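Here, each number is a calculation from the coordinates, and none is a lab measurement. Because the structure is predicted, anything quoted here is derived from the model rather than measured. Glycine gets a Cβ as well: all are built from the backbone with ideal geometry, and neighbour counts include every protein chain shown.
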Amino acid sequence: MSASAGGPVAAPAEPSAEAGKRRPHGMLKLYYGLPDAAGEARGGPARGDLGGPTDINGPHFDPEVFLTKLRKECPLAQLMDCETDTVKQIRALDSDMQTLVYENYNKFISATDTIRKMKNDFKKMEDEMDCLATNMAVITEFSARISSTLQDQHVQITKLSGVHSLLRKLQFLFELPARLTKCVELAAYGQAVRYYGKARSILHQYQHMPSFQGIQDDCQKIMADLARRLREKFRDGGSGAKDLAECVGLLLQLGEPAEELCDEFLAHARSRLEAELEAMEAELGQPGAAGPSTDILEFTDRGCNSFVGNLCLVIASYQELFVSREGARAIARMAHDKLVAFVDRLIAHYFALVERRIQLERGLGDNSLLVRALDRFHRRLQALARLLPASQAAAAGTEIVVRAAKERIRQYLQALQSFFLDCLTDVRQSLAAPRLVGKESPSLAELLGTLSASILNQIKSVLAYVHLFTAKDITFSNKPYFKGEFCIQGVREGLIVSFIKSICQTARQFFETVSDKGGATPPALLLLLSRFCLDYETSTISYILTLTDEQFLVQDHSPVTLVTVLCAEAREAAQKLLNHYVKVQGLIISQMLRKSVETRDWISTIEPRNVRAVMKRVVEDATSIDVQVGLLYEEGVRKAQSSDSSKRTFSVYSSSRQQSRYAPSYTPSAPMDTNLLSNIQKLFSERIDIFSPVEFNKVSVLTGIIKISLKTFLECVRLRAFGRYGLQQIQVDCYYLQLYLWRFVSDENLVHFLLDEIVGSTAHRCLDPVPMEQSVIEVICERG
Amino acid sequence: MEDDAPVIYGLEFQARALTPQTAETDAIRFLVGTQSLKYDNQIHIIDFDDENNIINKNVLLHQVGEIWHISASPADKGVLATCYNKTSDSKVMTCAAVWRMPKELESGSHESPDDSSSNAQTLELLCHLDNTAYGNMACVAWEPMGDGKKLISLADNHLLLWDLQESSTKAVLSGSVALEGKGQLKFTSGQWSPHHNCTQVATANDTAIRGWDTRSMSQIYCMENAHGQLVRDLDFNPNKQYYLASCGDDCKVKFWDTRNVGEPVKTLEEHSHW
């Protein structure tokens, strides 16, 4: 009961103790930031009133309210229990707190020790810092003192060094005239100019002072002398381009007028270059004199190496000096224009020389020297053009190359033409020669073969020569001219096509101009040429042109002469030549026949015993022509005939045909109209074209010749009057011709017809037309 | 004319000689001489009436021989000259003569009766051109613009110039020139130029054409090998004084300028036959 009594006594004290305890607890809790979890764990009876004033663990616990509530609601037993429970909890809490206090106390004591120790250390450090500060102050003071001490001396030294440099400059200036003189004596002009350049502005600045004035005067005098010497050297010309360039550089530095210098520089360069040109010209020799002593490659080489090389050097140094130099902007334009004019003038002279030299190059053999020379020439000009793009030299040089190429082509064309003519002369000679010597003549076919082959070879070699112009390693071969026009207009048209045309032209001359002037041309040559042209038409032209097109890969497609055009031309020439051959041979035979008819007295002739010799000659000639033509032309087509053709037609000739034709003249009383009509009809139905074009075969050629001959025979007969035996002689002759001529012609009826006509006309022109017995004629002819 | 049918006139005999009658200015008239060895030869006077497109003819007998060449006097339309063959047994000789046709035929106005042969009239011989010393006559030609008193004849290689006197009854040789050269040269044809006061004559022999001056009787130009074969005939351009045409057995017709005889002015080759 004491407890319980004490309980309530103590109880009122509790809330205050509780409150006292509570506050530090709250502060700690505040310090640690913990939520108040104690009340929740314990709770107990006050669980329902969480957080309220009755929750013993809550923050708003009010001991009065709690006690009041307990006393009101709980029975004593429960109060007792509660009191016991509370005491128990208080005791547990007290022990816990004691434990905690002991633990923390220890820690606190050690912390206090540490702080005390730190305090001691800091004090020591502060002492040292104080000592340091004092030292620093002392040092500062010393330094200030030293610098103030040295101040005066430093100013003096600066002044002295200024004076020193000034004195050196002055000394330099005073010594300058002497130095300059020495430099001039030693020919160290560069050095002199450098010295003078250094001193010039100063001298200029202080020229109002008499002493400086004197120096300046001296210097100017020396420099004038120097300039004079430089100019002399400059004019003297003994020095090379490099020296010269140096001279000019120095002079420019001396402030000489640039334009004058440009002029002088160029004038000097010109004199030297012109000397070189003159040397080249001397090498060329007088126009019209014997050929040059050196070949063109050597010439061009020399030109390139000496002239163009030096020119390039001049241009380069000039540009360096006047055009692209620092601070030369003002004169660059003028200097550049002067240079271009200068270069163009010299180059023009040079080109004139080169062209003259190229024109001397007439040798028609190997082209490679010329091409190589041109290549070198062109290459060097490219270099020049790169140096001086404004100059026209490169374009003009290309022009020269193009002209040379054109000229070359022209020469080759001429060479080909003359070669062709030479070949013809050879052929002509070999055609004429055997008759003199009497040995076996080379056959026409062989001659033709030789002619064709040699001309083709010549064309090929010329093509090869010309091809050099377009070789890959030649610089100008990629110029547009050499890629297109050269191939098309130059080689193909200008050379090959022109040559073929000239062949045709030459061939044409044989029948156009020479034809009427008599037999200047041997007929065999006509025949040969005709075959030659025909061969060209069939194969050679297209072969040559294909070869050309292959070698000169043609890139542009400007209109070119077509193969067909050339072929047509060649064919026409061949045709006309063959026609002409027929005419010439026909003329030869018909002249014989004409003479034989005209010179004989046909009225008082004796009875025929023999065939006249002229007829045998005609047959012989026809045979030899047959052989000749057979060598070059194919046989040709004949109308079908049997082997005994002469015999078979003989009967026709002697009986029916001849009789029908003779009839009107025997019976003049026969009606005129029928005679006339039959004659007119004959004129149209059996008309024979005498001078018609022949075909390219032997039979056609022979037919043409025989037609002409017999027609002439006929016309001659018609102009004469015959006696009986005259008629009979003609009969014999015609029968003889009949026997031998049929085999040469394409249509034997033609021969029969013409011979009939001859005999008919003779009978008509006969005073006493008594024909000879056919059997007698046969006997006479067979006898020979 | 183009629309009209062609007018054809048939001859009995073959003929080689034809000439226009230039003295006849009113009508278009031609003279044709025939060639027959066995029968009497004729001269046909052919009038062409171009208005009615018909032909009138008269026939004269020319009994001395076949006619190789004929030419009419430029002054007197009744006068003509012929070259003819005189045939004897052993030889043939070509002569030339000047003839006068009967008066009534001169005008050519009236048509002779149908049967011409029965009623044919004969020519009256005026004179012979004596050629015994010179050879066969090939051609006679009158002075074109003259009074019909001068003519030339070609005899073998001689060019003869004749003067007709006493109203053409006497022919006097007033000049001659011979063609020199190797072989037997023979003139085939000749023509008197109407220009240059009729002082020029052109002749053809073989393949050559030659020009002659009748005043000096000397050669003034020559075209050797004018044609590839025999020159058949030639003529002057009546309107252009230097131009000459020739044709030959080579089937060509060529035009020449006599001032430049090296080359023909033009050549026609259209024929392939003669």
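Cross-link pairs exceeding 28 Å in C-alpha to C-alpha distance, out of B:Lys86/B:Lys240; A:Lys501/A:Lys711; A:Lys595/B:Lys38; B:Lys182/B:Lys254; B:Lys91/B:Lys149; B:Lys186/B:Lys252, comprise B:Lys86/B:Lys240; A:Lys501/A:Lys711; B:Lys91/B:Lys149. What separates the Cα centres of the range B:64-82 and the range A:52-69 is a distance of 190 Å.
With a Förster radius of 35 Å applied to the C-beta separation of A:Ser775 and A:Ser604, the computed FRET efficiency comes to 0.85. In this simple spin-label model, placing a label point 7 Å from the Cα along the Cα-to-Cβ direction at both A:Lys72 and B:Glu166 gives a separation of 21.5 nm.
Net length available on complete extension from A:Asp768 to A:Ser368 is 135.7 nm, with 0.36 nm assigned per residue and the Cα-Cα distance removed. Working note: Karplus 6.51/-1.76/1.60 with θ = phi - 60° gives the range A:759-776 the couplings 4, x, 5, 5, 4, 5, 8, 9, 6, 9, x, 10, x, 7, 4, 4, 5, 5 Hz, where Gly and Pro are set to x.
Of the two radii for the range B:127-274, the radius of gyration is 0.97 times the Kirkwood radius, both from the alpha carbons; that is the Rg over Rh value. FRET efficiency for the A:Glu281 to A:Glu232 pair, using the beta carbon distance and R₀ = 35 Å, is estimated at 0.75. Between B:Arg100, B:Arg16, B:Arg210, the GNM of chain B built on Cα springs shorter than 10 angstrom shows B:Arg16 fluctuating the most. A straight Cα-to-Cα reach below 15 Å connects A:Lys338 with the aspartates and glutamates A:Glu259, A:Glu260, A:Asp263, A:Glu264, A:Glu320, residues fewer than 8 places away in its own chain not being considered. Taking a sphere under 14 Å around the Cβ of A:Val732 and counting the other residues whose Cβ falls inside, with K and R at +1 and D and E at -1, yields a net charge of +1. Maximal additional length on extending the A:Gln156-A:Gln359 stretch stands at 64.5 nm, based on 0.36 nm per residue less the C-alpha distance. Take the Cβ atoms of A:Ser147 and A:Arg194, set R0 to 56 Å, and the FRET efficiency comes out at 0.80.
Tally Lys/Arg at +1 and Asp/Glu at -1 over every other residue whose Cβ is under 11 Å from the Cβ of A:Glu399; what's the total? Taking every other residue near A:Glu399 into account, the sum is +2. Straight-line cross-link reach from A:Lys107 at under 27 Å between alpha-carbon atoms covers these lysines, not counting any fewer than eight positions away in the same chain: A:Lys21, A:Lys29, A:Lys117, A:Lys119, A:Lys123, A:Lys124. Calculated over the range B:10-79, the projected area of the Cα convex hull averaged across directions stands at 4.7 nm². Of all the Cα-Cα pairs you can form in chain B, what percent are over 31 Å apart? Every Cα pair in chain B considered, those over 31 Å come to 28 percent. In nanometres, what is the gap between the two model label sites at A:Leu547 and A:Tyr105, each 7 Å from Cα along Cα-to-Cβ? For the pair A:Leu547/A:Tyr105, the computed spacing is 13.6 nm.
Evaluated with a Cβ-only charge set (Lys, Arg +1; Asp, Glu -1), the range B:183-244 carries a dipole of roughly 80 debye about its Cα centre, given to the nearest 20.
Remark: the B:Glu270-B:Lys86 segment gains 62.5 nm on full extension, using 0.36 nm per residue and subtracting the alpha carbon distance.
Over all other residues within a Cβ to Cβ distance under 11 Å of A:Ile474, the charged ones net out to +3, with Lys and Arg as +1 and Asp and Glu as -1. Calculated on C-alpha atoms, the gyration radius of the range A:411-582 divided by its Kirkwood radius gives an Rg/Rh of 1.04.
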